[in-house]
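Engineer: Just passing along the structure, written as structure tokens.
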């Protein structure tokens, strides 16, 4: 009796111990898995903390000081912000220039990209070549392209005005006429619309053919199909494009810096974009405190517009199956 | 009987209409490609003209005589060879960093379970919404504090710390890897690092090449970074060099255009050779795959 009892107890013990060991093993495996996960994403975490979060918070502090690299940092409260809104008229000029650019370039390039994608989604011979050609300008960027456009937009001997003259149009002075400097940059932007086109093309090809066939049976024409099937089906991509190109539009700087004399803002400051004004304050005048407060105002403006976009998106973006992205 | 007689002419007229539509689309595309291509042709043509011919009115389309010497003279007027080598060095470093680090991070987000993963990934995505210019000034203050100004470190090191867009793209790719494959490798005793390097990376070659091309273009065309951090002319990149060159040769457009063609050439070549990878990238961003 006793021996049986001991045996039973032993069995229970072994079972219990094994269970505990298993539990322990699973736990340690899971811990190792977690550790591996954190190790894998560690580079991004370091980058996020050191290159984004840290600098962002530091610049928030700097924006309340008069820091100019050589001086010590003195806390000046809201002085920078007060100066920006009440005394610096170039701040308002640059903000207006940037809003003008964003307001026109975003819708124009979005519509252009959709139209081009629809054209390039037709079945005609040589389509592969057309797609390559139309996409090409999107990979060309940087100073070389800005120089090219300065040449193209040259008032007397440039290609743009030469082409306009064939149609009897007397082209404007583009980069020399304050009224036309920003449209000139939008025209240049429109040239590389192929980048956005590719996104739309990919999503157009994802629209099920049966939908069009069903609509045709119901007697829908091309335009009806476009507005009632194509556009609703690609709204997620339109939304993505608008959100990102709005943020991108606010980044405009290089074009204006290269295409004007040393980034002086062009004729009557018509190309003095927000970032250019910020750049001049930070790296020409070394008013780091003031420039930091400008950066934060930009950040807040862009965030508000993006939030607005995201809120508005819920109203018009169609997600297949009804679930949110 | 009656219906078939009715449908035949309707069918014919319809195929006739699609034919007309095809011709129309072809014509529009042809005209459009001329418009799209003309700036590039203009650039090449201008680069082969004499200054006198460029100033002439009305402008000529093809150069009278092809001035191939413009290219050699433009290249030798400034230390372009040096700048090209500098740019190549930075670009190679950035490409290596982007490919390795972003795929590592993306694998972590796609295939490893750990606490807080979803929140962290949302943070990754939301950093894409921060306008880069906002970070420019504080990052400059950081890099100047640690003495990195006038070195390539501010241009290269960030590439080794992940890029939200690339992480997002690669994660979409890695998600398509079957979990059973990873479990099987684990049972064979492989750890995640080995699985990433020996199984995931080789299978993800198209995605890796896409990232390599995107980061190559980004680094090759980067203007802001070098403009901000590089002061020594010997350390210039092609972009900054070209901007300086614009100041030295003023309005000598034959030189400016020749140099521009040469700077753009590598990007154009890569584009023509690796076209399908650009399309791959667009497919993933638009969500039609992955």
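Engineer: Quick one: Debye curve from the alpha-carbon atoms of region A:130-193 only, equal weights, vacuum; give me log10 I(q)/I(0) at q = 0.15 Å⁻¹ to two decimals.
Structural biologist: -0.50
Engineer: Which whole number of Å³ per residue matches the convex hull of the alpha-carbon atoms in region A:39-119? List each step's numbers first, then the result.
Structural biologist: Numbers: hull volume 13.5 nm³, N = 81.
Hull volume over Cα atoms, normalised by residue count, gives 167 Å³.
Engineer: Could you calculate the contour length gain from residue B:250 to residue B:128, that is, 0.36 nm times the residue separation minus the distance between their Cα atoms, to one decimal place in nm?
Structural biologist: Numbers: separation 122, 0.36 × 122 = 43.92 nm, distance 3.81 nm.
Computed gain between residue B:250 and residue B:128 is 40.1 nm.
Engineer: Within 10 Å of each Cβ in B:269-279, how many Cβ atoms from other chains are there, averaged over the peptide? All intermediate terms of the calculation are to be shown ahead of the outcome.
Structural biologist: Details: counts 0, 1, 6, 3, 0, 0, 6, 0, 0, 7, 6.
Mean shielding by partner chains, rounded to a whole number: 3.
Engineer: Let me ask something else about it. Treat each spin label as a single point 7 Å out from the Cα along the C-beta direction, and report the residue B:62 to residue B:197 distance in nm.
Structural biologist: Result: 5.7 nm between the two label points.
Engineer: Can you report the principal axis dimensions of region A:79-322 using only the alpha carbons, biggest first, rounded to whole angstrom?
Structural biologist: Extents along the principal axes, in whole Å: 66, 47, 28.
Engineer: As an exercise, take the mean of 1/r over every pair of distinct alpha carbons in the protein assembly as shown, invert it, and state the Kirkwood radius in angstroms. Write down the numbers at each step before the final one.
Structural biologist: On the way: mean 1/r = 0.0363 Å⁻¹.
Roughly 27.6 Å, rounded to one decimal.
Engineer: If every alpha-carbon in region B:181-262 counts as one equal scatterer, what log10 I(q)/I(0) does Debye give at q = 0.13 1/Å?
Structural biologist: For region B:181-262, the Cα-only Debye profile gives -0.63.
Engineer: Based on alpha-carbon atoms only, what is the radius of gyration of chain B relative to the globular estimate 2.2 N^0.38 Å?
Structural biologist: Working: Rg = 25.9 Å, N = 290, 2.2 N^0.38 = 19.0 Å.
So the Cα radius of gyration is 1.36 times the expected 2.2 N^0.38 Å.
Engineer: If you take each beta carbon of peptide A:99-108 and count the beta carbons of other chains within 10 angstrom, what is the mean?
Structural biologist: Details: counts 0, 0, 0, 0, 0, 0, 0, 0, 0, 0.
Neighbouring Cβ atoms belonging to other protein chains average 0 per residue here.
Engineer: Using only the alpha carbons of region A:1-142, determine the length spanned along each of the three principal axes and report them from longest to shortest in whole angstroms.
Structural biologist: Each principal axis gives a Cα extent; for region A:1-142 these are 99, 68, 24 Å.
Engineer: When you count, for each residue, the other Cβ atoms within 10 Å and take the mean per peptide, how do A:105-117, B:267-279 rank with the highest first? Mind dumping the intermediate values first?
Structural biologist: Values: A:105-117: 19.4, B:267-279: 15.4.
Output ranking for A:105-117, B:267-279: A:105-117, B:267-279.
Engineer: Test of understanding: ordering A:96, B:42 by Cβ neighbours within 10 Å, fewest first, what list do you get? Write out the running numbers ahead of the final one.
Structural biologist: Details: A:96 14, B:42 20.
Neighbour counts put them in this order, fewest first: A:96, B:42.
Engineer: Counting only C-alpha contacts under 8 Å and six or more residues apart, can you give the relative contact order of chain B as a whole percent? The partial results should precede the final answer.
Structural biologist: Values: 236 pairs, mean separation 87.2, N = 290.
After rounding, I find 30 percent.
Engineer: If you don't mind, another one. What ranking do A:127, B:43, B:175 get, fewest neighbouring Cβ atoms within 10 angstrom at the top? Display every interim value, and only then the final one.
Structural biologist: Numbers: A:127 16, B:43 25, B:175 13.
Ranked by crowding around the Cβ, least crowded first: B:175, A:127, B:43.
Engineer: Within a 10 angstrom radius of each residue's Cβ in A:150-159, how many Cβ atoms of other chains show up on average? Whole number is fine.
Structural biologist: Details: counts 4, 11, 5, 0, 5, 0, 4, 8, 2, 9.
The per-residue average across the peptide is 5.
Engineer: Dividing the alpha-carbon radius of gyration of region A:236-325 by 2.2 N^0.38 Å (N being the number of residues), what value is obtained?
Structural biologist: Details: Rg = 17.2 Å, N = 90, 2.2 N^0.38 = 12.2 Å.
That works out to 1.42 for region A:236-325.
Engineer: Can you give me the pair-distance distribution of region A:89-156, C-alpha pairs, 10 Å bins, whole percents?
Structural biologist: Histogram of Cα-Cα distances, whole percents per bin: 15, 27, 37, 15, 4, 1.
Engineer: What Kirkwood Rh does region B:86-134 have if only Cα atoms enter the pairwise 1/r average? Answer in Å. Mind showing how you got there, number by number?
Structural biologist: Numbers: mean 1/r = 0.0776 Å⁻¹.
That comes to 12.9 Å for region B:86-134.
Engineer: Taking Rh as the Kirkwood radius, which is the inverse of the mean 1/r over Cα pairs, what is the Rg/Rh value for region B:1-151? Kindly include the intermediate steps, with their values, before the conclusion.
Structural biologist: Details: Rg = 29.1 Å, Rh = 23.7 Å.
Using Cα coordinates only, the ratio equals 1.23.
Just so you know, all these numbers are worked out from the coordinates, no wet-lab data involved. As the structure is a prediction and not an experimental result, all values here were calculated from the model. With ideal geometry, Cβ positions are generated from the backbone for all residues, glycine too; neighbour counts draw on all protein chains shown.
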